[in-house]
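Sharing a structure with you now.
The values are calculated or read from the model by the stated rules, or taken from the named source; none is laboratory data. Predicted model only: the values in this text are computed from it and were never measured. Don't worry about glycine lacking a Cβ; one is built from the backbone with ideal geometry, like all the others, and counts go over all protein chains shown. When the accessible area is computed, the model is the full protein with side chains, heavy atoms only, and any ligands, DNA or RNA have been set aside. Shrake-Rupley method; radii C 1.70, N 1.55, O 1.52, S 1.80 Å.
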Amino acid sequence: MHVLGYPRMGAQRQLKWALEGYWKGNLTQTELLEKAANVRQQHWQDQLDAGLDFITVGDFALYDHMLSHSYLFTVIPERFGAQQESDWQWDTYFRMARGRSAEGKDCAACEMTKWFDTNYHYIVPEFAPQQTFKLNPQVWLNEIKQAQQLTSKVKPVLVGPLTYLWLGKTQDGSDPLTLLPDLLKAYAQLLHQTQKLGVEWLQIDEPILGLDLPLAWQQAFEQAYNQLQSSSVKLLLATYFSPLHENLSIACSLPVAGLHLDGITGQSDLSRVLDRLPPYKVLSLGLINGRNIWCADIGEIQKIVEPFYNALGSRLWLSTSCSLLHVPEDLEQEQNLVPKIKQQFAFAKQKLNELSCLAKQVVNATDKRVVLNKKLEEITVSTLQSTINKLTPREFERNSAFKVRKQIQQKKFQLPAFSTTTIGSFPQTQAIRQARLGFKQGILSAQDYEDAMCKEIENAVSEQERIGLDVLVHGEAERNDMVEYFGQQLEGYSFTDFGWVQSYGSRCVKPPVITSDIQRPKPMSVKWSQYAQSLTSKPMKGMLTGPITMLCWSFTRDDISLKEQAFQLALALSQEVLDLEAAGIHIIQVDEPALREGLPLRQKDRAAYLRWAVDGFRLTVAKVQDSTQVHTHMCYAEFNDIIGAIAELDSDVITIETSRSNMELLKAFEDFKYPNDIGPGVYDIHSPVVPSEQWMVSLLEKAARLISPEQLWVNPDCGLKTRGWPETRQALTLMVQAAKQLRQSHTVIEA
Ligand code: GLN
Ligand code: ZN
């Protein structure tokens, strides 16, 4: 029994506080490292206490394991000026993540991106032309030594050479695969030094075996592992997040001592692996879900394991599907979950116990089911299933086609060409946060809170009128998080107090959990939007979080499909849409920033996902009248490969993020004629810099070359909640002027 990795932050997020203290200068480096060592020690102790056969080492990182890995091989871009450093320098390490040159000047941080299909973000390795790899192993070796003081059963983990190269990028755009030979030399040295510490097994992660790989990369596996074979450390090749399919044979035949398969996402590999596994190899099966917070049904898993145990005996290892990095640490801290819900959860620490329980069951082959935690019958059926099954195609369609709707809407709203709007949120000032907190803690009465929020809305509306925007928003002052806000008002969601999961660096998120069928007991956002509309004669845009984003940023149920959960959410949100419409809100935005994140890792699974994701959105908005204008918003997205699906949303208007890439993202529109209206963001809200009017005009001109001017809207990239008022006011004023300039230079044909 072993785990592929463990959370890093500590149950009280000790690492987060230590890191942030260190960055602020309140903690010395020694203090930081000591605190980090304590967190590691605790986590190893947890693994020992649960009776695991190995403790996992090397999964820890002060910022990110890919960054640590780059540092381990001295892959440090030149602008950080540290190629000559012979030791591991934590400050250089943090500067790479956070963007500072050695002289303390601003300098581009290394790029950060999502780790496969999780919400964890890693630092992308950046390879120079002719990059060489120099081993810098002290930190790695010291962690192993630290662990060996606790036990001799230490299994270090390392990102595999091919996954490491695949996830990196070269500065000159060349294929990183050409760097493999030199990288392998460094790996071989590292394995040698690790083996000298008396390490028997090393886990080497190659999750890219679950992706659609080009032939050259597939073939490189054999070359790489043949070369690493000379070391006498036994390698456990670990894969996760996705079935291996055509790569299963490669994975089985590589000259390593063991193979780990993700038995949750890679279920389809399980029936094929025994035939392919050479008789000397260990098979590690990951059957405790590392991506979800539900307790395992040990009895069911035992049934899956039995044939493997019969065939392999002690060559069978049991594990988690992937690293436990993606789940919160310890359920025991939760004091406010209703017992009936809590008893169905398992966080990382509880999953360790599930593993050891499973192993005992398998070895003793008892029929007597040990029930650690128990799934309740009642949540394993969806009461909405029949409603969902009865949905007809009609319920996913607006009344009329976009062209017709556009005419009707134009008559109604009389908006100018290049209409201006914002994405929803306005600066979340200290006062707003205080009011929300005060209300939550009971210091502020409901009435006082409502008054405070209404004041904020009044302020946002008058600011927007002064600036001269065409379509206004109420400002979202009442929302602290776009998913949590709606989740809390829907039935079917549960919230934890300490269910933190690392997102990047010291940042953690606390995803809400879908625990039963979704229902909307009463309107959630109507009163705010309605009040805002009462203050102005301009159209007020209602603002909702879409079903797919609600889903992607939550822990989901595992007893019904994601599609079904998306449709449940869509049905609840569609009631909100209709209530907004009835309350006189005739422009309604349904945000879907996470639409692309849900995209499956394998090409062949993508169409099915996009089908139900698009349908979920359409179900949310389809019932409104032709004269009601539906908007959606997306960011963090590469649109090229999903542009067809975006068009199929059939949103009257979509606002997207494009300014950070200088409208590069609009390349997608070169070959694809996007049918509806679109607002490519003209300024980056992630930075306090106020863009010049001319800059925004030039971006819009660029857009107008690819998209016809009558389709274009003018808006920022995303919500403004992280900005301050002065820069917001300035930037939006200039944005409105930029729109006016465009109106003068382009004659727009009325629809
Ligand atoms: N309406 C949201 C806002 O403006 C959208 C946020 C997002 O795209 N992540 O804050
Ligand atoms: Zn956004």
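Could you tell me the relative contact order of the chain? Use alpha-carbon pairs under 8 Å, at least six residues apart, and round to a whole percent. Mind showing how you got there, number by number?
On the way: 1395 pairs, mean separation 82.6, N = 751.
Averaging sequence separation for qualifying contacts and normalising by length gives 11 percent for the chain.
Nearest-5 percent of antiparallel DSSP beta bridges in the stretch 218-324?
Values: 0 of 13 bridges.
Looking only at bridges with both residues in the stretch 218-324, the antiparallel portion is about 0 percent.
Suppose we keep just the DSSP beta bridges with both residues in the chain; what percent of those would be antiparallel, to 5? Please report the intermediate quantities before stating the final value.
Working: 11 of 62 bridges.
So the antiparallel bridges amount to about 20 percent of the total.
Please give every one of the lysines within straight-line cross-link reach of Lys623, meaning a C-alpha to C-alpha distance under 23 Å, and leave out same-chain neighbours fewer than 8 residues apart.
Candidates past the 8-residue exclusion: Lys390, Lys403, Lys406, Lys411, Lys412, Lys522, Lys527, Lys541, Lys563.
Could you do me a favour and compute the accessible area per residue for the stretch 644-751, 1.4 Å probe, result in Å²?
Details: 4480 Å² over 108 residues.
On a per-residue basis, 41 Å².
Also, quick follow-up: For the stretch 441-489, rounded, prolate or oblate, judged on the Cα gyration tensor with a ≥ b ≥ c (square roots of eigenvalues), a/c < 1.5 rounded, else prolate if a/b > b/c? Walk me through the numbers on the way to the answer.
Numbers: a/c = 3.86, a/b = 1.55, b/c = 2.49.
Oblate, because a/c is 1.5 or more while a/b does not exceed b/c.
Hey, another quick one. Once the other residues with Cβ under 14 Å from the Cβ of Thr320 are scored (Lys, Arg +1; Asp, Glu -1), what is the net sum?
On the way: positive: Lys155, Arg291, Lys349, Lys351; negative: Asp46, Asp53, Asp59, Asp205, Asp262, Glu329, Glu354.
Neighbour charge sum, excluding Thr320 itself: -3.
Would you be so kind as to identify which of Met540, Ser554, Val526 lies farthest towards the positive end of the dipole of the stretch 516-582, taking Lys and Arg as +1 and Asp and Glu as -1 on Cβ and the Cα centre as origin?
Value: Met540.
Under 1.5 on a/c is rounded, so check that first for the stretch 587-669, then, if it is not, pick prolate when a/b is larger than b/c and oblate when it is not; a ≥ b ≥ c are the square roots of the alpha carbon gyration tensor eigenvalues.
On the way: a/c = 2.21, a/b = 1.19, b/c = 1.85.
Taking the square roots of the gyration eigenvalues as a ≥ b ≥ c, the stretch 587-669 is oblate.
I've got another one for you. Measure up Lys538/Lys673; Lys114/Lys303; Lys196/Lys281 against 28 Å on the Cα-Cα distance and list the ones that go over. Intermediate values should be presented prior to the final figure.
Values: Lys538/Lys673 31 Å; Lys114/Lys303 34 Å; Lys196/Lys281 23 Å.
Cα-Cα > 28 Å for Lys538/Lys673; Lys114/Lys303; rest within.
Please figure out what share of the DSSP beta bridges in the stretch 93-212 is antiparallel and state it in percent, rounded to the nearest 5. If you can, show how the numbers build up before the last one.
Numbers: 4 of 9 bridges.
Approximately 45 percent, going by the DSSP bridge assignments.
Where does the stretch 642-751 land on Rg(C-alpha)/(2.2 N^0.38 Å)? Intermediate values should be presented prior to the final figure.
Details: Rg = 13.8 Å, N = 110, 2.2 N^0.38 = 13.1 Å.
In units of the globular-protein estimate, the stretch 642-751 measures up at 1.05.
Straight-line reach from Lys351: which lysines fall under 16 Å, measuring Cα to Cα and dropping same-chain residues less than 8 apart?
Cross-link targets: Lys342, Lys360, Lys374, Lys375.
Turning to a different aspect of this structure: What's the longest bit of the chain with no exposed GluC sites (Glu not before Pro), using DSSP loop states and at most 16 other Cβ atoms within 10 Å as the test? Walk me through the intermediate numbers first.
Details: sites that count: Glu85, Glu103, Glu111, Glu200, Glu397, Glu638, Glu750.
Maximal segment without exposed cleavage sites: 398-637.
About the Cα centre of the chain, what is the dipole size in debye to 20, counting +1 per Lys and Arg Cβ and -1 per Asp and Glu Cβ, all else neutral? Intermediate values should be presented prior to the final figure.
Working: 75 positive and 87 negative charges, 73 e Å.
That gives a dipole near 360 debye.
Still on this structure: May I ask you to give the percent of accessible area on the chain that is carbon plus sulfur, with a probe radius of 1.4 Å?
Details: 15000 of 29700 Å².
Roughly 50 percent of what the probe reaches on the chain is carbon or sulfur.
Can you bin the chain into rounded, prolate or oblate? Criterion: square roots of the alpha carbon gyration tensor eigenvalues sorted a ≥ b ≥ c, rounded for a/c under 1.5, prolate for a/b above b/c, oblate for the rest. Mind dumping the intermediate values first?
On the way: a/c = 1.78, a/b = 1.51, b/c = 1.18.
Because a/c hits 1.5 or more and a/b exceeds b/c, the chain counts as prolate.
By the scheme Lys and Arg +1, Asp and Glu -1, what is the net charge of all other residues having a beta-carbon under 10 Å from that of Ala238? Walk me through the numbers before you get to the answer.
Values: positive: none; negative: Asp205, Glu206, Asp262.
Here the charged neighbours net out to -3.
Still on this structure, please answer the following. Return the long-range amide H neighbours of Arg100 (sequence gap of 5 or more, or a different chain), with a cut-off of under 5 Å between placed amide H atoms.
Cys107
Here's something else I'd like to know. Return the calculated 222 nm mean residue ellipticity for the chain, to the nearest 500 deg cm²/dmol, obtained by summing -39500 (n - 2.57) across DSSP H runs with n ≥ 4 and dividing by the residue count.
Details: 26 runs with 304 residues, N = 751.
It comes out at -12500 deg cm²/dmol, rounded to the nearest 500.
Applying a 10 Å radius around every beta-carbon, put 406-414, 162-170 in order of their mean neighbour count, most first.
Numbers: 406-414: 15.8, 162-170: 21.3.
Ranking, from highest mean packing down: 162-170, 406-414.
In sequence order, what are the phi-derived ³J(HN,Hα) couplings for the stretch 20-37 according to the Karplus relation 6.51 cos²θ - 1.76 cosθ + 1.60 with θ = phi - 60°, rounded to whole Hz, with x for glycine and proline?
Going residue by residue, I get 5, x, 5, 5, 7, x, 8, 10, 7, 4, 4, 5, 4, 5, 5, 5, 4, 4 Hz, with x marking Gly and Pro.
Less than 12 Å Cβ to Cβ from Glu476, Lys/Arg counted +1 and Asp/Glu -1: what total charge do the surrounding residues give?
Taking every Cβ under 12 Å from that of Glu476, the sum is 0.
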